[in-house]
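Scroll down for the structure; my scribbles are underneath it.
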Amino acid sequence: MNFKFSNFLVISLFALVNFATSCKTSEVKSQTGDEPKSAYLFVYFTGNGPGEEAVHYALSRNGYDYYALNDDKPIVATEAISNTGGVRDPHILRGEDGMFYMVLTDLKTQKGWDNTEIILTKSSDLINWQSSKINLAEVFPEFSDITRAWAPQTIFDEKAGKYLVYFSMLQPGSYDKIYYAYANADFTGFETTPKQLFYSPDEKSCIDADIIKKDGKYHMFYKTEGSATKGIRVAVSDSLTGGYVPVEGYVDQTDKAVEGSSVFKMIDSDTYILLYDMYIDGEYQFAESTDLRNFKALGAAKISMNFHPRHGTIIPVSEAEATRLLKAFPSKNLPLVVGAANEAVRSQNIKTDAADKTVYLPVYEDSNLTNFNPGLITFPGVAVEQNTASDFKKGPVSYTLTLPDGTTTTYAVKAEVAGNPVLDGYYADPEIIYSNKDQKFYLYPTSDGFDGWSGTYFKTFSSTDLVNWKDEGVIVDLTKNVSWANRNAWAPCIAERKIDGKYQYFYYFSAAQQIGLAVADDPAGPYTDSGKPFVGEKPAAIKRGGGQLIDPDVFVDPQSGKSYFYWGNGYMAGAELNDDMRSLKEETITEMTPDGTYREGTEVFFRNGKYYFMWSEDDTRSPNYRVRYATSDSPLGPLTIPNENMVIMKDDEQQIYATGHNSVINVPGTDDWYIVYHRFTRPKGISMGGPAGFNREVCIDKLTFAEDGSIVPVKPTLKGIEPVSLLR
């Protein structure tokens, strides 16, 4: 066969200049191929615009937080390896021989979406690459009429002892199918004619195939095209080169348009990560699995990138490889410290400021900071010269970091006790009560961290001091315990009532934009749902239009012993409950919307002869989400709004944002009051955009009153509160 290969190029990615058109690179086996892997390399392109169809690198220490190298500029001159002037869909493989193999689509979309060439490259060090181009239409007469060849990938065929390259092609009158061919010994072209590897059973296009071997079987992830339902599917085979059978359903965890899937295995773990390009929305999603069948999306707070990637791949790399990459492609303002190994450090809330060269380490209550070793975790390729115990009580401790080029820099590391957030993980819309039965506090939040507020279960937590909380587990799961709704588990509230000498707990919750009721004999459950919505439609008495049936609040009046119920979004509704707590007195339903600042999240409590009404203003996705209040002489109004009625709002100096949707608790037997609220996750939230509104954290701070009963504005804190003592 007379193959027409273009001259290959040896490209120095470090210099990015002086590209030879025909030179020879020694195929030296990587000296780090067998070294332990400690970081991750992400290879990607960035878009369809001028200069964006090019190869980029990013590094991560943990596989979730990625930072661009080379200041997110291309790490190779595209014109030197491409005929079209654009390269897309880079796939990188660590070879069995210690070499690295990267294949790409040769396509510049500003000239259109048709192409016939793919690019093969190889390297011994990830810095210097040797490349070749294959024009499939010219080399193989059988495919002289193809209009596109997209997204090549490489895998080693253990049986054949060769590297197999697979990709999609489209011929006129047909649909995109997956083909494969074996690369020749020096990876400059194909030694076999492409053969069909897979086609979609519905005879619609399939592209962007990615194959990974697990437990002796080959799993091919691919994108379906041309059908009403499309996304990422998986087909499984016992053979690399055929026999793939599609598994029912889709594995991507979104209803948005996706493409460019890729799977990698976490270092020293049974977890696999499926990543895909949500190309219309300009987002990337990661989902995890241990069986390559059942995937769970990782929330926006779990994944971070300081760049916007398109279709790429990730491989683990060694520390030596990461060091070499960082030396060759340095970037400004990389977070040289990315974490801490000491379990006393609240890892979710570590804040590194690369510009100021500072690190804030929040630690749990009772941590010994006089002899504390945080166990700093550095960015790949960066070393800590001293990582020993120090006295952080005296203030920030200086740490010297050595960079790949041998230079050093100093970071000031501050460690201090942080009581906020009070719960680890992502929770929001907190409700709190004191249980007279258990003589404990119970916290009932929304389970957060799910894209689009899509959580389906509720948990509760108990404490005797408002500082140390015990997870009591799931108390209501919409998918298991509720027949009338299975989505959007939000904003619960609860009341403890002693009825006929027996304590009962009435748990009201939002689900599918309606309000439900579940009842238990114990504050931690088990709870039994009523079997129908408690509030399923807006009452006629509520004239204000719009809004959702969400955000319930229940209040037991210590003056009269009566119970009242409130709810609303865009309007505040209130009504008296019947004695059984299971229905409203319809004739008492009242619209109570205080003013135009009211958004949602009503909270009612009584102190010194006054009824206090709190609500949240703005959108929970806004940094300005905050709490205001009014007072009344009656549980159903009318309301009196003070001239200065702000309760709590963002604090730019501390970078605490979106402080809202609160509840209030009084320590029994005292006049000590506390506000329980949520905020954006800190520090990531403020840079997350809209997703910050469903990645929130629960906090508690002191609530104080002036002599006239007005509320003193609360300053949100990182430190939180001191443990409280209950009078037994």
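The values are calculated or read from the model by the stated rules, or taken from the named source; none is laboratory data. Note that the structure is predicted; figures quoted are calculated from it, not measured. Because the Cβ atoms are built from the backbone with ideal geometry, glycine has one as well, and the counts that use them run over all protein chains shown. We work out accessible area using only protein heavy atoms, side chains counted, and drop any ligands, DNA or RNA first. Shrake-Rupley method; radii C 1.70, N 1.55, O 1.52, S 1.80 Å.
Go through region 655-668 residue by residue and tally those that are surrounded by 15 or more Cβ atoms within 10 Å (Cβ to Cβ), at negative phi and in a loop (DSSP other than H, G, I, E, B).
3
Going residue by residue through region 81-93, is there one that turns out to be more than 19 Å from Asn135 (Cβ to Cβ), in contact (Cβ under 8 Å) with a residue 24 or more places away in the chain and in a loop (DSSP other than H, G, I, E, B)?
Scanning region 81-93 turns up no residue that is more than 19 Å from Asn135 (Cβ to Cβ), in contact (Cβ under 8 Å) with a residue 24 or more places away in the chain and in a loop (DSSP other than H, G, I, E, B).
Just to be sure, is Ala58 at pLDDT 95 or above and among the small types (Gly, Ala, Ser)?
Yes.
Quick check on my filter: what residues within region 556-584 are open to solvent by 10 Å² or more (accessible area, probe 1.4 Å) and closer than 19 Å to Asp633 by Cβ?
Within region 556-584, Val556, Pro558, Gln559, Ser560, Gly561, Lys562, Tyr564, Glu576 qualify.
Filter region 251-273 down to residues that are over 20 Å from Trp150 (Cα atoms) and among the aliphatic types (A, V, I, L, M) and give me whichever is most open to solvent (accessible area, probe 1.4 Å).
Among those that are over 20 Å from Trp150 (Cα atoms) and among the aliphatic types (A, V, I, L, M), it is Ile267.
From the list Phe534, Phe613, Phe606, which residue is open to solvent by 30 Å² or more (accessible area, probe 1.4 Å) and within 35 Å of the chain's Cα centre (by Cα)?
Selected residue: Phe534, the only one of Phe534, Phe613, Phe606 that is open to solvent by 30 Å² or more (accessible area, probe 1.4 Å) and within 35 Å of the chain's Cα centre (by Cα).
Would it be correct to say that Glu52 is part of a loop (DSSP other than H, G, I, E, B), among the charged types (D, E, K, R), under 31 Å from the mean Cα position of the chain (by Cα) and modelled with pLDDT of 50 or more?
Here the answer is yes, as Glu52 does meet what is asked.
What about Pro335, is it part of a loop (DSSP other than H, G, I, E, B), under 30 Å from Asp277 (Cβ atoms), of a type outside the set (A, V, I, L, M, F, W, C) and modelled with pLDDT of 95 or more?
In short, no.
Of the residues Asp671, Asp701, Asp652, which is open to solvent by less than 60 Å² (accessible area, probe 1.4 Å) and acidic (Asp, Glu)?
After applying the criteria, what remains is Asp701.
Just one of the numbered conditions (1) more than 24 Å from the chain's Cα centre (by Cα); (2) under 27 Å from Ala495 (Cα atoms); (3) in contact (Cβ under 8 Å) with a residue 40 or more places away in the chain is not true of Lys715; which one?
(2)
Is one or more of the residues making up region 394-416 more than 29 Å from the chain's Cα centre (by Cα) and part of a helix (DSSP H, G or I)?
Scanning region 394-416 turns up at least one residue that is more than 29 Å from the chain's Cα centre (by Cα) and part of a helix (DSSP H, G or I).
Out of curiosity, is Phe307 of a type in the set (Phe, Trp, Tyr) and in a loop (DSSP other than H, G, I, E, B)?
Yes: the conditions hold for Phe307.
Within region 705-728, can one find any residue that is open to solvent by 40 Å² or more (accessible area, probe 1.4 Å), basic (Lys, Arg) and in a strand (DSSP E or B)?
no
Of the residues that make up region 506-519, is at least one in a loop (DSSP other than H, G, I, E, B) and either touching a Cys at 6+ places or on another chain (Cβ under 9 Å) or under 24 Å from Ser435 (Cβ atoms) (or both)?
No, that holds for no residue.
Could you please give the count of residues in region 275-304 that are assigned to a strand (DSSP E or B) and within 26 Å of Asp71 (Cα to Cα)?
The total comes to 9.
Would you point out the residue of region 213-224, among those that are of a type outside the set (D, E, K, R) and at pLDDT 95 or above, that is nearest to Tyr279 (Cα to Cα)?
Tyr222
If a residue has to be more than 22 Å from the chain's Cα centre (by Cα) and surrounded by 19 or more Cβ atoms within 10 Å (Cβ to Cβ) to count, how many in region 332-358 make the cut?
Of the residues in region 332-358, 1 are more than 22 Å from the chain's Cα centre (by Cα) and surrounded by 19 or more Cβ atoms within 10 Å (Cβ to Cβ).
Sort out which residues of region 135-155 are more than 19 Å from Gly260 (Cβ to Cβ) and open to solvent by less than 50 Å² (accessible area, probe 1.4 Å), and write them in order of number.
Asn135, Leu136, Ala137, Val139, Phe140, Phe143, Ile146, Thr147
Taking region 448-503 as the region of interest, how many residues are outside any strand (DSSP E or B), polar (S, T, N, Q) and out of contact with any helix residue (DSSP H, G or I) (no Cβ under 7 Å at 6 or more places or on another chain)?
Selection size over region 448-503: 6.
Restricting to region 632-649, and then to whatever is open to solvent by 20 Å² or more (accessible area, probe 1.4 Å) and among the β-branched types (Val, Ile, Thr), can you tell me which residue is nearest to Arg679 (Cα to Cα)?
Looking at the filtered set, the residue picked out is Ile641.
Report every pair of residues separated by at least 6 positions or lying on different chains whose Cβ atoms are under 8 Å apart, first residue within region 428-440 and under 16 Å from Tyr508 (Cα atoms) and open to solvent by less than 20 Å² (accessible area, probe 1.4 Å), second assigned to a strand (DSSP E or B) and among the basic types (Lys, Arg).
Ala428/Arg696
Out of Asp529, Asp557, Asp553, which single residue is of a type outside the set (Lys, Arg), more than 17 Å from Gln513 (Cα to Cα) and modelled with pLDDT of 95 or more?
Among Asp529, Asp557, Asp553, only Asp557 is of a type outside the set (Lys, Arg), more than 17 Å from Gln513 (Cα to Cα) and modelled with pLDDT of 95 or more.
Being under 25 Å from the mean Cα position of the chain (by Cα), surrounded by fewer than 24 Cβ atoms within 10 Å (Cβ to Cβ) and of a type in the set (Asp, Glu), is that true of even one residue in region 77-98?
No, because not a single residue in region 77-98 is under 25 Å from the mean Cα position of the chain (by Cα), surrounded by fewer than 24 Cβ atoms within 10 Å (Cβ to Cβ) and of a type in the set (Asp, Glu).
Check Glu365, Glu321, Glu288, Glu283 and return the single one that is under 30 Å from Gly98 (Cβ atoms) and open to solvent by 50 Å² or more (accessible area, probe 1.4 Å).
Glu288 is the lone residue from the list that is under 30 Å from Gly98 (Cβ atoms) and open to solvent by 50 Å² or more (accessible area, probe 1.4 Å).
So if I check each of Asp255, Asp270, Asp238, which one is free of Cβ contacts under 8 Å to residues at least 12 places away in the same chain and over 21 Å from Phe42 (Cβ atoms)?
The match here is Asp255.
Considering every residue within region 178-187, establish whether at least one is surrounded by fewer than 19 Cβ atoms within 10 Å (Cβ to Cβ) and under 20 Å from Thr313 (Cβ atoms).
No, every residue in region 178-187 fails to be surrounded by fewer than 19 Cβ atoms within 10 Å (Cβ to Cβ) and under 20 Å from Thr313 (Cβ atoms).
Restricting to region 310-332, name every residue that is more than 28 Å from Gly86 (Cα to Cα) and either of a type in the set (D, E, K, R) or assigned to a helix (DSSP H, G or I) (or both).
Glu319, Ala320, Thr323
Here are some residues: Asp210, Asp202, Asp238. Which one is modelled with pLDDT of 95 or more and open to solvent by 10 Å² or more (accessible area, probe 1.4 Å)?
Asp238
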